[in-house]
Every structure is written in structure tokens, then in C-alpha cells.
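A quick write-up on the structure given underneath.
The values are calculated or read from the model by the stated rules, or taken from the named source; none is laboratory data. Everything numeric here is computed off the predicted structure, so don't read it as measured data. A quick note on method: Cβ atoms are made from the backbone with ideal geometry, for glycine too, and the neighbour counts reach across all protein chains shown. Accessible surface areas use protein heavy atoms only, side chains included; no ligands, DNA or RNA. Shrake-Rupley method; radii C 1.70, N 1.55, O 1.52, S 1.80 Å.
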Amino acid sequence: HQDCPAEARDSFNLNRLFYTSDVNLADGAIVVVPGSHTRGRIPPGGHQDPIEGEIALEPRAGTLVLLHGHVYHRVTP
């Protein structure tokens, strides 16, 4: 999903995710599509459907992830 309307190109939030413990794919890792903040609206589909170019991040305790509000992201089940 995206946290801001893609049509509002000049208006967005900055998400901050701070991890207090290690997270792996089975725990609910964050999945992002690098550069997607420039692509416009997210393509239709289910919340767990893969999007081309996505990568899964498995943050370690103490990691801070900053996400532009237009970046496509989800959490693994």
C-alpha cells in the first residue's frame, strides 16, 4: 500500500519504523519497492501480491527505516 495519495506529488508524510528486536520474513518483515515513490498509484491487486522490483528487509534491533509516503510497502504475513 501507499500511505499518501499518489496524485498529491508534493504532499507526503515520512514514515519512520524503529525496530526494537530482530525481524525476519516469518515475523513480518517490511517489503518495499525502491524508487516507487516516483511511479504514481500502486497497481491493483491483493495486499500480499508481489510487485515487480520489491525487496524484503529483515531489520535488526536498533534499525531505523524511513519511508517516503508514496513508496509501495507491505509487511510479510
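Some notes on this structure:
- Scanning region 1-44 for residues that are assigned to a loop (DSSP other than H, G, I, E, B), closer than 10 Å to residue 70 by Cα and open to solvent by less than 40 Å² (accessible area, probe 1.4 Å), we see that the one that is modelled with the lowest pLDDT is 6.
- Verdict on residue 50 being at pLDDT below 90, within 14 Å of the chain's Cα centre (by Cα) and either of a type outside the set (S, T, N, Q) or more than 16 Å from residue 65 (Cβ to Cβ) (or both): yes
- In this structure, residue 60 does not qualify as in a strand (DSSP E or B) and of a type in the set (D, E, K, R).
- Within region 6-61, the set of residues being within 14 Å of residue 73 (Cα to Cα) and among the charged types (D, E, K, R) comprises 16, 39, 41, 49, 52, 54, 58.
- Residue pairs meeting the criteria (Cβ under 9 Å; at least 6 apart or on separate chains; first among the aromatic types (Phe, Trp, Tyr), in region 59-77; second modelled with pLDDT of 95 or more and open to solvent by less than 50 Å² (accessible area, probe 1.4 Å)): none
- For region 57-77, taking the residues that are open to solvent by less than 50 Å² (accessible area, probe 1.4 Å) and among the aliphatic types (A, V, I, L, M), the one that is farthest from residue 2 (Cα to Cα) is identified as 65.
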